[in-house]
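Below is one structure, written out as structure tokens; comments come after it.
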Amino acid sequence: MLPFYLLHEPVIVTLAWVIVRWHAPILVKYPLLVAASFTATLALYELAIRRYRITRLLFGMKPASTPWTQDRSRQARHTADVRRLPA
């Protein structure tokens, strides 16, 4: 998941810039940073990259597959039936 890898670093840096300034123990800051950065990176990936063709292209992902329709499922079954015929 290259997009997730590319997004996590700026998200961590941005959140750390905010969280490090807090007057809280490190045992509070670190787990909060890990949880918040994972959640933010996952949300950013899901909402901004995975759903749109242009961002999928820019991040080097394959185009999203089209959903199965009745015609495609019939065609797939027919192909599978033809392959089972004895030679």
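What follows draws every value from the coordinates through simple rules; no lab data is involved. Nothing here was measured: the structure is a model prediction, and the numbers come from that model. Positions of Cβ are generated from backbone atoms using ideal geometry, with glycine treated the same way; all protein chains shown enter the neighbour counts.
Taking the number of Cβ atoms within 10 Å of each Cβ as an exposure proxy, the fewest-first ranking of Leu7, Leu2 is Leu2, Leu7.
If the chain linking Val28 and Tyr5 were pulled fully straight, counting 0.36 nm for each residue of separation and taking away their Cα-Cα distance, it would gain 5.8 nm.
Extending 7 Å from the Cα toward the beta-carbon at both Arg50 and Val18 defines two label points whose distance is 2.2 nm.
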